[in-house]
6 protein chains.
Amino acid sequence: MPYVNIKITNEHVTPEKKAKLIEGVTQLLVDVLDKNPETTVVVIDEVDTDNWGIGGRTVTERRGTTK
Amino acid sequence: MPYVNIKITNEHVTPEKKAKLIEGVTQLLVDVLDKNPETTVVVIDEVDTDNWGIGGRTVTERRGTTK
Amino acid sequence: MPYVNIKITNEHVTPEKKAKLIEGVTQLLVDVLDKNPETTVVVIDEVDTDNWGIGGRTVTERRGTTK
Amino acid sequence: MPYVNIKITNEHVTPEKKAKLIEGVTQLLVDVLDKNPETTVVVIDEVDTDNWGIGGRTVTERRGTTK
Amino acid sequence: MPYVNIKITNEHVTPEKKAKLIEGVTQLLVDVLDKNPETTVVVIDEVDTDNWGIGGRTVTERRGTTK
Amino acid sequence: MPYVNIKITNEHVTPEKKAKLIEGVTQLLVDVLDKNPETTVVVIDEVDTDNWGIGGRTVTERRGTTK
C-alpha cells in the first residue's frame with residue numbers, strides 16, 4: 001500500500017530506466033517492509049532544470065548551459 | 001483552507017471532467033468538515049503512463065501498449 | 001489508480017469524518033473518471049495550525065489564539 | 001537539507017523569475033533557520049490553469065478566458 | 001540531486017528498517033540513473049491508519065481493528 | 001494562489017521561526033511574481049531525523065547521535 005514519489009531532473013530518462021526505478025523501489029518495499037507490491041504505487045516526476053534549485057541556484061545555471 | 005492534490009494518469013482527461021473533480025472535492029470538504037470553499041485549493045497532476053507504476057510495473061507495460 | 005492527498009489543519013477531526021472524506025473522494029473519482037476504487041489511494045495529512053500559513057500569517061495567529 | 005516545493009500556475013514565468021524564487025527561498029532558510037544552502041533543494045511545479053482550482057472552480061473558469 | 005518521498009502506514013517501523021529503505025532507494029538511483037548520492041534526499045512519512053484509504057475505506061476499517 | 005510546502009527536520013523549531021518562514025516566503029511570491037498573498041498557502045512539515053536521509057544515511061546516523 002505504500003506510495004512513492006521520485007522527483008528527478010528532466011534529462012531524457014528512457015522508459016526502460018523509469019521501469020527499472022519502479023521495479024526496484026517496489027521490490028525494496030517488499031524486501032524491507034514486507035509490503036504488498038500489487039498496491040504499491042510509484043510516481044516519477046521529471047522536472048525542468050530551470051525549475052530545480054540546489055545551493056540557491058537552478059540546475060541550468062549550475063551546469064553553465066543555456067537551454 | 002484545505003489543499004488537495006489529485007494525481008491521475010495523463011489520458012486525455014477533458015477540462016470539463018477536471019472542473020467536475022475540482023467542484024466535487026471542494027464541495028466534499030464543505031459538507032464533511034465545514035471548510036470555507038473560497039480558500040480551498042485543488043491541484044490536479046496528470047502523469048505520463050511511463051512514469052506511473054503499480055505492482056512493480058509501469059502502466060504503459062501493464063496495458064501492453066506501445067506509446 | 002489515482003492518488004489523492006488531502007491536507008487539513010489538525011483540529012480534532014474524528015475518524016468518522018476522515019472515513020467520509022476517503023469514501024467521498026474515492027467515489028468522486030469513480031463517478032467522474034471511471035477509476036477503479038480498489039487501487040485508489042487517499043492520504044490525509046493533519047497539519048498543526050502553527051505550521052499552516054495563509055495570507056502570510058499562521059492559522060494560530062489568524063485565530064488570535066494562544067495554543 | 002530542507003526541501004521546498006513551490007506550486008504556481010503556468011503562466012509564462014521566466015527563467016529569471018524562477019531563479020529569483022529559488023535564490024530567495026534558499027536565503028530565507030539560511031536566515032531564519034541557519035540551514036546549509038548547499039543541500040537545500042527547491043522544486044517549482046508550474047500547473048496548467050485547467051488543473052488548478054480555488055473556490056470550487058478552475059482558474060481558467062475564474063478568469064473567464066478560453067484557452 | 002533526486003528527491004524521494006516514501007509514504008507508508010505508521011505501524012512501528014523500526015529505525016533500522018527506515019535506514020535500510022533510505023540506503024536502498026539512494027543506491028537504486030545511483031545504479032539506474034548514475035545520480036550523486038551526496039545530494040539525494042529521501043523523506044519517509046508514516047501515516048496513521050485512520051488517515052490512509054484504499055478501496056474507499058480506511059486501513060483501520062479494512063483491518064477490522066479498533067484503535 | 002501559490003502553494004508552498006517546506007520540509008525540514010524536526011528539531012525544536014519555534015513557532016516564531018515558523019511564522020517568519022511563512023511571512024518570508026509569502027512576501028517573496030508577492031515580490032517576484034506579484035501573487036496575491038491572501039490566497040497563498042504555506043505548509044511546513046517537520047520530519048523526524050530517523051525519517052530523513054541524505055547521502056544514503058539518516059540524519060540521525062549522520063549526526064552520530066542516539067535518540
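The values are calculated or read from the model by the stated rules, or taken from the named source; none is laboratory data. This structure is a prediction, so every number in the text was calculated from the model and none was measured. Here the Cβ is made from the backbone with ideal geometry for all residues, glycine too, and neighbour counts use every protein chain on show. Heads up: the accessible areas ignore ligands, DNA and RNA and are worked out on the full protein's heavy atoms, side chains in. Shrake-Rupley method; radii C 1.70, N 1.55, O 1.52, S 1.80 Å.
Brief remarks follow.
- Entries in C:K18/D:K17; B:K7/C:K20; C:K20/F:K35 that, when Cα-Cα distance is taken, lie over 31 Å: C:K18/D:K17; C:K20/F:K35
- The reciprocal of the average 1/r between distinct C-alpha atoms defines the Kirkwood hydrodynamic radius, which for chain F equals 13.6 Å.
- J(HN,Hα) series, region D:4-21, from Karplus relation 6.51 cos²θ - 1.76 cosθ + 1.60, nearest Hz, glycine and proline x: 10, 10, 10, 10, 9, 6, 8, 9, 6, 6, 6, x, 5, 5, 5, 4, 5, 4
- Anisotropy class of the protein assembly as shown from Cα gyration tensor, a/c 1.5 cut: rounded
- Amide H within-cut-off set for E:T40, under 5 Å, with H built and near neighbours excluded: F:G55
- Applying the Karplus relation 6.51 cos²θ - 1.76 cosθ + 1.60 with θ = phi - 60° to region B:55-61 yields 3J(HN,Hα) values of x, x, 10, 6, 4, 4, 4 Hz, where x marks Gly and Pro.
- Interface A-D: total buried accessible area of about 1100 Å², 1.4 Å probe, protein heavy atoms only.
- The distance linking chain B with region E:17-67 is 20 Å (Cα centroid to Cα centroid, whole angstrom).
- Size of electric dipole in the protein assembly as shown: Cβ of Lys, Arg +1 and of Asp, Glu -1, about Cα centre, debye, nearest 20: 0 debye
- For F:V47, residues with placed amide H under 5 Å, excluding near neighbours: F:I8, F:T9, F:N10
- Karplus-derived HN-Hα couplings along region B:41-51 (A = 6.51, B = -1.76, C = 1.60, θ = phi - 60°), whole Hz, x at Gly and Pro: 10, 10, 10, 9, 9, 9, 10, 4, 5, 6, 9
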